[in-house]
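See structure below.
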Amino acid sequence: MIDERDIIQKTTDHVRGLLSGEGSGHDWFHIERVRNVALTIAREEQADLFVVELAALLHDIADWKFAGGDHEAGPRAARDWLFSLDVPQPTIDHVATIIASLSFKGAGVETPMTTIEGRCVQDADRLDAIGAIGIGRAFAYGGHKGRAMYDPAVPPEPHSSFEAYKKNSGPTINHFYEKLLLLKDRMNTLTGKKLAYKRHDVLEQFLDQFIAEWEGER
Ligand code: ADP
Ligand code: NI
């Protein structure tokens, strides 16, 4: 019998150590929020809570955006860590598959999740990209990358491939049209959808106000 509580505790400490103070919106608090929301969704969906919690905790430890574009880095780092804790191989495979399939890859690219556990984690990760927190994270990411907030001369692009999405370096407001506003219709679970609708409204209100102020509303 493996000690699931011990594995979760060790993984929590490991990830907190790796991501505390990270400045691009992938910090430990992002992980903690995703873990909590993923577990809330997973309880509703009667998913395997151990797999959901491990995948949520480990999903951003080696993101391709910060690993020189290496897409295998994230799942591999998760595999290595879980292997070191003697987690059973099927659980390692499941968690690594979830992490490999999680990311948004452009407006025109589908990102299917084959298991209910993956669908819970994907919804939770995407919920953290919208609403008030999502707005904060988008501008934190844009600032980290030295991007403009907004440039009316640069229109948003509906990326039809992951390659195009990755190359993009447009202003942060464009990211709302290229990803954030699309997420509510891509939720997998009913619980995720309900949470997404409220957060989506926050994005819409923010954009209306941003443009009004930009155009000199008093
Ligand atoms: P996740 O944490 O969901 O895997 P990402 O790693 O793609 O998501 O992005 C992390 C955060 O940074 C998200 O809130 C996302 O919307 C934001 N972000 C990603 N790309 C951009 C961008 N080009 N401009 C602004 N924000 C971005
Ligand atoms: Ni994430």
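Extending 7 Å from the Cα toward the beta-carbon at both ARG33 and SER160 defines two label points whose distance is 3.4 nm.
Taking label positions 7 Å along the Cα-Cβ direction at both GLN46 and ASP70, the computed distance is 4.1 nm, reported to one decimal. Computing Rg and the Kirkwood Rh from the Cα coordinates of the range 97-202 gives a ratio, Rg/Rh, of 0.96.
Of the GluC sites (Glu not before Pro) found in the range 133-218, the ones in coil according to DSSP and having at most 12 other Cβ atoms within 10 Å of their Cβ are GLU215, GLU217. 3J(HN,Hα) along the range 103-109: 5, 5, 10, x, 4, x, 10 Hz, from the Karplus curve 6.51 cos²θ - 1.76 cosθ + 1.60 with θ = phi - 60°, whole Hz, x for Gly and Pro.
Go through LYS105/LYS166; LYS145/LYS179; LYS145/LYS198 and tell me which ones have a Cα-Cα distance over 19 Å in this structure. Over 19 Å apart, Cα to Cα: LYS145/LYS198. Cα centroid separation, the range 177-218 to the range 117-169: 12 Å. Among the trypsin sites (Lys or Arg not before Pro) found in the range 84-178, those both in a DSSP coil and sparsely packed, with 11 or fewer other Cβ atoms within 10 Å of their Cβ, are LYS145.
In the calculated pair-distance distribution of the chain, the portion above 22 angstrom amounts to 50 percent of the Cα-Cα pairs.
Remark: the chain carries a charge dipole of roughly 260 debye about the Cα centre, counting +1 on each Lys and Arg Cβ and -1 on each Asp and Glu Cβ. Legend: Rg and Dmax of the range 105-152, from Cα coordinates, 13.8, 41 Å. A DSSP coil position with no more than 16 other Cβ atoms inside 10 Å describes the following GluC sites (Glu not before Pro) in the range 71-159: GLU72, GLU110. Here the calculated FRET efficiency for ALA132 and LYS167, from their Cβ-Cβ distance with R0 = 22 Å, stands at 0.15, rounded to the nearest 0.05. Here the label points at ASP201 and PHE139, each 7 Å from Cα along the C-beta direction, are separated by 2.2 nm in the simple model.
When the solvent-accessible area of the chain is split by element, carbon and sulfur atoms take up 52 percent of it, the probe being 1.4 Å. Surface exposure of the chain, expressed per residue as accessible area with a 1.4 Å probe, stands at 50 Å².
Working note: Karplus 6.51/-1.76/1.60 with θ = phi - 60° gives the range 83-95 the couplings 4, 5, 9, 6, 5, x, 4, x, 5, 4, 4, 5, 4 Hz, where Gly and Pro are set to x.
The values are calculated or read from the model by the stated rules, or taken from the named source; none is laboratory data. This is a predicted model, so every value here is computed, not measured. Quick reminder, even Gly has a Cβ in these numbers, built from the backbone with ideal geometry, and neighbours come from all protein chains shown. Side chains are part of the model used for accessible areas, which takes the heavy atoms of the whole protein and leaves out ligands, DNA and RNA. Shrake-Rupley method; radii C 1.70, N 1.55, O 1.52, S 1.80 Å.
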